[in-house]
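See structure below.
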Amino acid sequence: MPTDALTRATDELLTATGLSTEAVAQLRRTADSPRLLPGGGFHTATQIDSLVGLAGDYLWSENLLAVRTITFAFDPGTVGSAGTYSIKAGPLAVEEGSFRCFPAGAGTSVALLFLRPTGGPERIFIIAGAFIEADATVTIMLLADFNVAGQIIPRFSAVRLP
Amino acid sequence: MSIDVTTQDLLHAAELPPETGDALRALFDATAPLIASGYHGPLDIPTLEGLPGSYLWFENPLVVRVIRFTFDSDKVGFQGRYTLSSGFTVEQGTFRCVPNNPAIGFAFLGLTPDGGATRAWPISGMVTDPLQRIAVLQLGEFVGSQLVTRFAAVRLV
């Protein structure tokens, strides 16, 4: 963006927000402050070294026209690698089965998620990226279709429900 | 030394006509402002041109909605229209956004509903994909001198 356009756009946004001159100055000082330590937590497909925090409920947008919820539950002996899942539309389960997940490095360079629905063909996704909290809880996963070559482009997401 | 020699060797081997080389150079220069894919922290948001599209919108964590951003054709990167829906349209208006900038440093996104008051958030981070699209936009608030993420917008389409 050209400098003059950036300046104009910033002025217009600040006018719209109604921020005071003091608040603008404070923002400017904070942006320059070395104390600014936002929690990053994002891991790319090759950086996901553990998926023990995967269990839980997520919004699941594999079908863009029908966003559903998915619940992952690890089996007791395979926490971090295998368990069962259920995809629901409201209270109605539309798909159930087993899943396996692989962090990067354990025989694969990228993190992978395998869904095997009961009586259906397995679907494989690359975990293209994930926000993972300090306690290992996965909050957002970006999922890409598996292919053996080419770029990893997220197709949909799983977002942890509160 | 070696890079220049290798480039010349490569171009010679490729037998590209000079005008093709010039066109490639122009294409490279035109795409230079684009950003690398991956995570970008709050002080690493040089452009928001990858914003257009639909996102899951978690402003109210108990009522997840879908927001669609479309830049005005003459204001790509900083202003356009948005529609917030939950099966039906619940809000629409004008959005403004700025990347990191000299005035306040932080990138911001503001929504001004038609006939309503502006809500604005500093952008605490984003994830971009290899197509330069924003995959996740983290919207924050200041707690003391800390910028913390309050909610995320996660791309649908």
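The values are calculated or read from the model by the stated rules, or taken from the named source; none is laboratory data. The shown structure was predicted, so the numbers you read here are calculated from the model rather than taken from an experiment. With ideal geometry, Cβ positions are generated from the backbone for all residues, glycine too; neighbour counts draw on all protein chains shown.
For the stretch B:80-122, residues that are facing another protein chain (nearest Cβ under 8 Å), within 12 Å of A:ALA16 (Cα to Cα) and of a type outside the set (Val, Ile, Thr) total 5.
Number of residues in the stretch A:57-86 that are more than 22 Å from B:ALA135 (Cα to Cα) and either assigned to a loop (DSSP other than H, G, I, E, B) or within 17 Å of the chain's Cα centre (by Cα) (or both): the value is 6.
Report, by residue number, each residue of the stretch A:21-44 that is in a loop (DSSP other than H, G, I, E, B) and modelled with pLDDT under 80. A:ASP32, A:SER33, A:PRO34, A:ARG35, A:LEU36, A:LEU37, A:PRO38, A:GLY39, A:GLY40 - these are the residues of the stretch A:21-44 that are in a loop (DSSP other than H, G, I, E, B) and modelled with pLDDT under 80.
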